[in-house]
Amino acid sequence: MNDAARSPLSFRDPARARRLLDALAHLCAGRESDPLALMHVCGSHEQAIARFGLRDVLPKGLDLFMGPGCPVCVTDAPEIDEAVRLARAGIRVTTYGDMLRVPGSDVSLAELGGEGAPVEVVYSVAQAVELARTSDEEWVFFSTGFETTAVATAAVLLDDPPANFSVLSAHKYIPPAMEIVLEMPGSRVEGFLAAGHAATITGWGVFEPFVARHGRPVVVAGFEPLDILAGLVELARLARAGEARVVNAFPRCVTREGNRRAQDQLWRVFERVGGRWRGIARVPNGNLRLRPEWSAWDARRRHASVLSGRVARAALPARAPCRCGEIMAGLARPTDCALFGRECQPHQPVGACMVSSEGTCRIWHQYGGRPDLGDAE
Ligand code: SF4
């Protein structure tokens, strides 16, 4: 057994961190005026980067952005509107707590719940099923998240859910979104740090077609400080050498094939379809919808009469626009937004990136990435 396997604290060893930072500085030397642009696509990575203060010690020749890695942030307003409509119709809607305050076109689920509509927070889709078993009413689980949480949704549907339960899927699939980010005008991303937990399910092989198509390297990394730094060193090395390939820097959890059983469950229940990601674009194959054979548990089919027609949009106050889309595309930072830390704060979020604990703006705000507020009170 090596040192790293003996103690989880080995992954926070300062001496090793310094050596990795030295290696990163060496790889980024000479890029100070045109920093190497790397992107990670995971709120958990951003949380770890902020929590351990890694961004402050990265070399000046490296720009590290968080891409569209927050599932709450990319859930589009029309998807929120669907959940709102169902709750307004008296159907009991359950969802994860982070989803409550995300703005829809008209209201958020939190605002609607405050008016007495049947909206409840659950910690898991399994809990949503248990609630549905407590009554004969119609229950809808508003399911969000990437392939990691979609697997849990698939598992409950494969396990004989009650007839009064259905799923409103807003699940997203990450690999196609990486392609969209690269194709955006102004994008300068030279490599991607991929999330180790999602790759535990999909396997690192899922990124090979992307790398072959776009000629950018991908490194799969874990969530401890040394995992992230080691992943960045490898990614910077590949990017500077022009080597487009996938490297697994999280081998203690991730394999090339991934979790075959979980993949089987995921694709038995879901299929990929195109759909909008809030602030990003329409992402081909970026949304996960229930397959037709699951129509009895698909809230969009089961409650089609409630969900048909257009939603009235509330008049929005005149102010500088939310820049979540640019932030998730790596084209801006939270501190570039005029509303950051002023009109937009965690207790009164303007945009989705300030709502979720995985949102870039929320994380930067929480860990001190606040602007100079000047003459603000
Ligand atoms: Fe949007 Fe608020 Fe972030 Fe600005 S600070 S980009 S308004 S979420």
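The values are calculated or read from the model by the stated rules, or taken from the named source; none is laboratory data. Nothing here was measured: the structure is a model prediction, and the numbers come from that model. Reconstructed Cβ throughout: ideal geometry from the backbone, glycine too, with neighbour counts over all protein chains shown. Ligands, DNA and RNA are stripped out before the accessible areas are found, and what is left, the full protein with its side chains, is counted by its heavy atoms. Shrake-Rupley method; radii C 1.70, N 1.55, O 1.52, S 1.80 Å.
As a check on your grasp of the helix formula, calculate [θ] at 222 nm for the chain: sum -39500 (n - 2.57) over DSSP H runs of n ≥ 4, divide by the residue count, round to the nearest 500.
Helix-only estimate at 222 nm: -10000 deg cm²/dmol.
Compare SER33, SER143, SER295 in a GNM of the chain, Cα atoms joined below 10 Å, and give the one with the largest fluctuation.
Maximum among the listed residues: SER33.
Can you classify segment 198-327 as rounded, prolate or oblate using the Cα gyration tensor, where a ≥ b ≥ c are the square roots of its eigenvalues, rounded means a/c under 1.5, and otherwise it's prolate if a/b beats b/c and oblate if not?
Judged from the Cα gyration tensor, segment 198-327 comes out oblate (a/c at least 1.5, b/c at or above a/b).
Calculate the dipole size of the chain relative to its Cα centre from +1 charges on Lys and Arg beta carbons and -1 charges on Asp and Glu beta carbons; express the result in debye to the nearest 20.
Once rounded to the nearest 20, the dipole reads 620 debye.
In square nanometres and to one decimal, what's the mean projected area of the convex hull around the Cα atoms of segment 324-367?
It is 2.7 nm².
Need one number: nm distance between label points at HIS214 and ASP159, each 7 Å from Cα along Cα→Cβ, rounded to one decimal.
It works out to 3.4 nm between the two label points.
Above 37 angstrom, tally the Cα pairs of the chain and express them as a % of all pairs, no decimals.
22
Please identify the longest segment of the chain free of exposed trypsin sites (Lys or Arg not before Pro), where exposed means a DSSP state other than H, G, I, E or B and no more than 16 other Cβ atoms within 10 Å.
Counting only loop sites that pass the neighbour cut-off, the longest clear stretch is 61-132.
Using +1 at the C-beta of Lys and Arg and -1 at the C-beta of Asp and Glu, which of PRO217, ILE174, ALA89 has the Cα lying farthest in the positive direction of the dipole of the chain?
The residue sitting farthest along the positive end of the dipole is PRO217.
Going by Cα centres, segment 148-187 and segment 255-307 are how many Å apart?
Here the answer is 5 Å between Cα centres.
Between ASP336 and SER124, what is the label-point separation in nm under the 7 Å Cα-to-beta-carbon projection?
4.0
Percent of accessible area on the chain owned by carbon and sulfur, 1.4 Å probe?
Solvent-exposed carbon and sulfur of the chain make up 50 percent of the total.
Accessible area per residue of the chain at 1.4 Å probe, in Å²?
Averaged over the residues of the chain, the accessible area is 43 Å².
Would you please classify the overall shape of segment 225-289 from the alpha carbon gyration tensor, given that a ≥ b ≥ c denote the square roots of the eigenvalues, rounded means a/c under 1.5, and beyond that prolate means a/b larger than b/c while oblate covers the rest?
oblate
Which percentage, to the nearest 5, of the DSSP beta bridges contained in the chain is antiparallel?
Given both bridge residues lie in the chain, the antiparallel proportion sits at roughly 25 percent.
Within segment 29-83, which GluC sites (Glu not before Pro) sit in a loop by DSSP and count at most 15 neighbouring Cβ atoms inside 10 Å?
Sparse-neighbourhood loop GluC sites (Glu not before Pro): GLU32.
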